[in-house]
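The values are calculated or read from the model by the stated rules, or taken from the named source; none is laboratory data. Because the structure is predicted, anything quoted here is derived from the model rather than measured. Quick reminder, even Gly has a Cβ in these numbers, built from the backbone with ideal geometry, and neighbours come from all protein chains shown. In case anyone asks, the SASA skips ligands and DNA or RNA and just uses the protein heavy atoms, side chains included. Shrake-Rupley method; radii C 1.70, N 1.55, O 1.52, S 1.80 Å.
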Amino acid sequence: MTERKPAKTRTRQSTPRTATQASKGFTDEERAAMRERAQELKAAARRGPRARKADGETDLLAKIAEMPEPDRAMAQRLHALIKASTPALSARPWYGMPAYAKNGKVVCFFQSAQKFKTRYATFGFSDAANLDEGAVWPTAFALKELTAAEEAKIGALVKRAVS
């Protein structure tokens with residue numbers, strides 16, 4: 001009786017990925033946000049360090065002005081609230097969204113519902129925010145409307161995030 005040899009397995013040769021293949025995992029909205037971020041970084045590099053803070057806020061206000069209602073009104077109110085309650089944060093666009101940074105690191109941001117075609121706007125915090133509480137804590141909040149109660153809650157969270 002002859003000894004059987006195991007069947008040879010074919011090795012699959014990898015083919016170079018094209019840009020289209022590489023980006024199939026992202027939605028059109030996500031790709032647009034990445035393009036906006038690249039433009040933001042190029043614009044910041046062209047500016048001097050002194051001009052970045054003022055120009056960042058100007059760019060942020062332009063992004064807010066582009067938003068459809070009611071997100072524009074919420075973003076304007078959030079901007080006023082954050083600037084008044086935590087002046088240490090600098091305003092700037094981040095992936096085409098209004099964001100607020102401390103020492104160059106984004107702490108919180110507002111995402112319009114229209115940005116990623118969701119049913120509600122989002123106010124979120126990055127990992128630079130000091131919101132750690134136990135083993136689980138929220139990092140983003142859905143916003144359907146912005147009342148005085150929500151403004152107070154967000155103001156307290158932002159103050160805590162930068163402490």
Single residue of THR86, THR122 found to be open to solvent by less than 60 Å² (accessible area, probe 1.4 Å) and either free of Cβ contacts under 8 Å to residues at least 12 places away in the same chain or in contact with a Lys or Arg (Cβ under 8 Å, 6 or more places away or on another chain) (or both): THR86
Residues of the stretch 66-83 that turn out to be open to solvent by 50 Å² or more (accessible area, probe 1.4 Å) and either closer than 10 Å to GLY155 by Cα or not in a loop (DSSP other than H, G, I, E, B) (or both), as a count: 6
Residues within the stretch 114-127 that are modelled with pLDDT under 95 and either touching a Leu at 6+ places or on another chain (Cβ under 6 Å) or hydrophobic (A, V, I, L, M, F, W, C) (or both), tallied: 1
Answer residue from the stretch 130-163, given it is closer than 22 Å to GLN76 by Cβ and assigned to a loop (DSSP other than H, G, I, E, B) and is least open to solvent (accessible area, probe 1.4 Å) among those: LEU146
Residue tally, condition assigned to a strand (DSSP E or B) and open to solvent by 60 Å² or more (accessible area, probe 1.4 Å), over the stretch 93-119: 2
